[in-house]
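Report on the structure given below.
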Amino acid sequence: MITYEKFFKAHRFKCSCGIEHILPITEIIVGNGAIKNLEDINYRLKLSKKGIVVTDNLIYRKLGSQILDIFKKGKCNIKFSVFSSKTIIALEKALVKILNDLDVDTEFLVAVGSGTINDLVRFISFKINKPYISIPTAPSMDGYTANVSLLINNGFKSFIELFDPIAIYADTKILKNVPDVFIAAG
């Protein structure tokens with residue numbers, strides 16, 4: 001049974017500062033079973049049926065088949081881009097790996113991970129002008145809704161302003177089962 005609460009929808013509002021603010025994320029869903037919302041993203045988010053999921057080997061082993069099954073139910077054609085290294089660094093090499101794994105007709109990206117995975121996918125998403133979805137896997141990371149990525153360029157860390165994910169599905173069943181070290185990291 002899915003028990004989640006949709007507490008956010010994209011909207012505009014006139015602020016007391018006098019500016020109209022735009023919150024562009026289409027939806028944020030937090031709760032047990034939230035990733036099951038991937039099944040009908042082509043209908044709810046008006047996305048095509050061709051995407052790529054970017055993650056690391058540990059998360060792929062734990063969640064890969066579940067995520068694939070959810071997308072299959074929604075008749076989405078999904079490909080995985082999996083980092084085999086324990087440590088992923090937001091360098092050009094990582095960006096090239098994702099770009100090499102992309103098909104020409106990929107229409108959306110999904111980041112399944114925390115900081116670095118989301119930074120890399122956000123950057124690629126911006127550069128190819130395709131939307132991305134974030135699936136958080138650690139509650140300690142605070143940048144899931146960010147519109148910037150921290151990347152290392154020529155040996156220096158740089159924040160690059162990009163755009164927000166189209167949706168975030170924070171599954172509490174996933175978040176509560178991460179090792180304590182990842183919870184304490186934040």
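The values are calculated or read from the model by the stated rules, or taken from the named source; none is laboratory data. Quick caveat: nothing in here was measured; it's all calculated off a predicted structure. Note: ideal-geometry Cβ built from the backbone for every residue, glycine included; neighbour counts use all protein chains shown. Note: accessible area is taken over every heavy atom of the protein model, side chains too, but ligands, DNA and RNA are not part of it. Shrake-Rupley method; radii C 1.70, N 1.55, O 1.52, S 1.80 Å.
Rounded is the label for the chain, because the ratio a/c of its alpha-carbon gyration tensor axes (a ≥ b ≥ c) stays below 1.5. Remark on region 17-78: ratio of C-alpha radius of gyration to 2.2 N^0.38 Å is 1.40.
Placing pseudo-labels 7 Å out from each Cα toward the beta carbon at N57 and L102 gives an inter-label distance of 2.5 nm.
Tell me the trypsin sites (Lys or Arg not before Pro) within region 80-186 that lie in a loop according to DSSP and have at most 16 other beta-carbon atoms within 10 Å. Passing sites in region 80-186 are K86, K176. Which distance in Å, rounded to a whole number, links the C-alpha centroids of region 83-110 and region 144-176? Going from one Cα centre to the other spans 14 Å.
Here region 41-113 has 55 percent of its accessible surface on carbon and sulfur atoms, given a 1.4 Å probe and all protein chains in place. Placing +1 on the Cβ of every Lys and Arg and -1 on the Cβ of every Asp and Glu, with nothing else charged, gives the chain a dipole about its Cα centre of roughly 360 debye. Given their separation in residues at 0.36 nm each and the Cα-Cα distance between them, K127 and T145 gain 4.7 nm when the chain is fully extended. Pairwise over distinct Cα atoms, reciprocal of the mean inverse distance: report the Kirkwood radius of region 101-148 in Å, one decimal place. Over region 101-148, the inverse of the mean reciprocal pair distance is 11.0 Å.
For K173 and S65, the difference between the fully extended length at 0.36 nm per residue and the C-alpha to C-alpha distance is 37.3 nm. Measuring against 20 Å, Cα to Cα, the residue pairs K46/K130; K14/K127; K97/K127 contain K14/K127 as the ones spanning a longer distance.
Pairwise Cα distances in region 143-183 exceed 15 Å for 60 percent of all pairs.
Put I88, I41 in order of accessible area, highest first, and with a 1.4 Å probe you get I88, I41. Computed about the Cα centre, the dipole magnitude for region 82-166 is approximately 280 debye when only Lys and Arg (+1) and Asp and Glu (-1) carry charge, each at its Cβ. Remark: region 50-178 carries 49 Å² of accessible area per residue (probe radius 1.4 Å; ligands, DNA and RNA excluded). Take the Cα radius of gyration of region 122-170 and divide it by 2.2 N^0.38 Å, N being the number of residues; the result is 1.19. Is region 56-105 best put as rounded, prolate or oblate by its Cα gyration tensor, with a ≥ b ≥ c the root eigenvalues, rounded for a/c under 1.5, and otherwise prolate when a/b is larger than b/c, oblate when not? Here region 56-105 falls in the oblate category. What is the Rg over Rh value, at two decimals, for region 59-141, using alpha-carbon atoms and the Kirkwood definition of Rh? Ratio value, two decimals: 0.93.
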